Amino acid sequence: MRHLTEAESSALITHEIAYEAVKAAFISAANGEGTVFPALSAHAADPASTFSVKSGSAPGYAGVKLGSYWPSNDALGLPRHGTTIVLLDEQTGRLAAVVEAVEVNAFRTAAADAVAADLLARPDASTLTVFGNGHQALYECLALTRIRPINRINVVARDEARGERFLVELSERGLNARLSDARSACEAADLITCATTSRGPLFEADWVRPGTHVASMGSDSRGKQELPPDLLLRARLFCDLPAQSVVIGEFQHIGDRVSDGSLAITAIGDVITGAATGRVIRDDITVFDSSGIALQDLSVATALLELNG
C-alpha cells in the first residue's frame, strides 16, 4: 500500500497537473466510462463538524474521497477543511493507496472552475469578480488567471479586515485586486466565481450583464446556495454531473424545472468532447455548477502517484 503524506502531495501538485486530471475526469463522467455513486453527508458528535464521502470508478482507478469540515480547528491553528483520497486495487479490491490531499483538493476544485471557464467564458474576459476571501478563493483566482487575460479582480468579502488580508495574498502573487460591493462587482464582471459556504443567493440576477460566465464552487450539499434562481432561468446551464447537481449542487434550487423539461443542464464533459455546445453567442450568460465528483479526486491522485514513481 502506498501513502502520500500532505507534504508529499503538496510538493507534487501544480495547476497544470490538476487541470489535465480534472479535464479527463469530466470526460469519463460524461461518456459513460466513469461511474459516480451518490454522495454521503454525515457529521461527528458535534453536528458542526461534518464530512462527506464521494466515490467513483473509471478505467485505471476506483476509490473514495473523504472530505471533512471541522470549524473547531481554528482554535488549534489547523485548516478547517480536510481531504483524504483512498484508491483501491482494481484487481483485488485491496487498499492500494492513501493520499492526504488538503492542498491538492484546493488545486482540484480550482481546476474544475478553470476547465469550465476555458470552455464557456468569452476569450477576452478580463475582469473577475470573486465572492469569498478564504483559502479556496485564492486558488480560484490563481487558476482562472492562467486561462484568461484577467487584469482586474473585484473581491466581495463579508469581513473587510479578512478581505484586506486576501488582497495582500493576491498582490504577493502579482494579481491586481480591490474590495468591492456585490452590485458594482457583478455589473463590472466578465467572470463571477463564488467560493463560499452560503445558504442563500449572494447577488441579484439583474446585476449580471450579458456575456458573463458565472461559477458556483461552494454548493456541494443540500441547502447550500450561492446564485439567484432567476439568473439560472435565463442562462445556459452546465455542471460536472447533472444527476448530482440537482440533488446537492446549485441546481437543486431549480430541480423541478429540470425534471419537467423546461430547463436543460449540460455536463461539461460533453462540451469538452464536442458532444454538446458551450457558449453560442457573445451575450450568452453561462453558469457552471461544481458540486464535486470523486472522479476528479481519483484522477488527480492517480496522476500524483505516477509522478511519485
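Examine region 47-64 for a residue that is farther than 19 Å from residue 243 by Cα, assigned to a strand (DSSP E or B) and open to solvent by 30 Å² or more (accessible area, probe 1.4 Å), and state whether such a residue exists.
Filtering region 47-64 down to residues farther than 19 Å from residue 243 by Cα leaves 47-51, 59-63.
Filter once more, keeping what is assigned to a strand (DSSP E or B): 50-51, 61-63.
Pick out the ones that are also open to solvent by 30 Å² or more (accessible area, probe 1.4 Å) and you get 50-51.
Within region 47-64, one or more residues are farther than 19 Å from residue 243 by Cα, assigned to a strand (DSSP E or B) and open to solvent by 30 Å² or more (accessible area, probe 1.4 Å).
Is it the case, given these coordinates, that residue 245 is modelled with pLDDT under 95, closer than 24 Å to residue 143 by Cα and open to solvent by less than 30 Å² (accessible area, probe 1.4 Å)? Spell out how you get there, then give the answer.
On the way: modelled with pLDDT under 95: no; closer than 24 Å to residue 143 by Cα: yes; open to solvent by less than 30 Å² (accessible area, probe 1.4 Å): yes.
Answer is no for this residue.
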Does region 275-297 include one or more residues that are surrounded by fewer than 19 Cβ atoms within 10 Å (Cβ to Cβ) and in contact with a helix residue (DSSP H, G or I) (Cβ under 6 Å, 6 or more places away or on another chain)?
yes
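Could you list all residues from region 70-95 that are in contact with an Asp or Glu (Cβ under 8 Å, 6 or more places away or on another chain) and open to solvent by less than 30 Å² (accessible area, probe 1.4 Å)?
83, 85
Does residue 169 fit the bill of being open to solvent by 30 Å² or more (accessible area, probe 1.4 Å), in contact with a helix residue (DSSP H, G or I) (Cβ under 9 Å, 6 or more places away or on another chain) and without any contact (Cβ under 8 Å) to a residue 24 or more places away in the chain?
Answer is no for this residue.
Identify, please: which residue in region 128-148 is farther than 13 Å from residue 15 by Cα and part of a helix (DSSP H, G or I) and is, among those, least open to solvent (accessible area, probe 1.4 Å)? So that I can check it myself, show each step before the final result.
First, the residues of region 128-148 that are farther than 13 Å from residue 15 by Cα: 128-137, 148.
Filter once more, so that each one left must be part of a helix (DSSP H, G or I): 135-137.
On the way: 135: 112, 136: 43, 137: 1 Å².
Top of the filtered list is 137.
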Residue hits (region 204-219; in contact with a helix residue (DSSP H, G or I) (Cβ under 7 Å, 6 or more places away or on another chain), crowded, with 24+ Cβ neighbours inside 10 Å and either part of a loop (DSSP other than H, G, I, E, B) or at positive phi (or both)) are 208, 217, 219
Let me confirm something: among 148, 152, 94, which residue is farther than 25 Å from residue 286 by Cβ and out of contact with any Gly (no Cβ under 9 Å at 6 or more places or on another chain)?
94
How many residues does region 5-23 contain that are surrounded by fewer than 21 Cβ atoms within 10 Å (Cβ to Cβ), touching a residue at least 60 places away in the same chain (Cβ under 8 Å) and of a type outside the set (D, E, K, R)?
6
Test result for residue 262, in a loop (DSSP other than H, G, I, E, B) and of a type outside the set (Val, Ile, Thr):
yes
For region 2-18, give me each residue that is over 18 Å from residue 65 (Cβ atoms) and either part of a helix (DSSP H, G or I) or in contact with a Cys (Cβ under 8 Å, 6 or more places away or on another chain) (or both).
7, 11, 15, 16
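Among the listed residues 63, 77, identify the single one that is within 27 Å of residue 216 (Cβ to Cβ) and of a type outside the set (A, V, I, L, M, F, W, C).
Details: 77 fails: within 27 Å of residue 216 (Cβ to Cβ).
After ruling out the rest, the residue left standing is 63.
The values are calculated or read from the model by the stated rules, or taken from the named source; none is laboratory data. Every value quoted in this text rests on a predicted model; they were computed, and no experiment measured them. Heads up, the Cβs are rebuilt from the backbone with ideal geometry, glycines too, and the neighbour counts pull from every protein chain shown. To get the accessible areas, we keep the full protein, side chains included, count just its heavy atoms, and leave off ligands, DNA and RNA. Shrake-Rupley method; radii C 1.70, N 1.55, O 1.52, S 1.80 Å.
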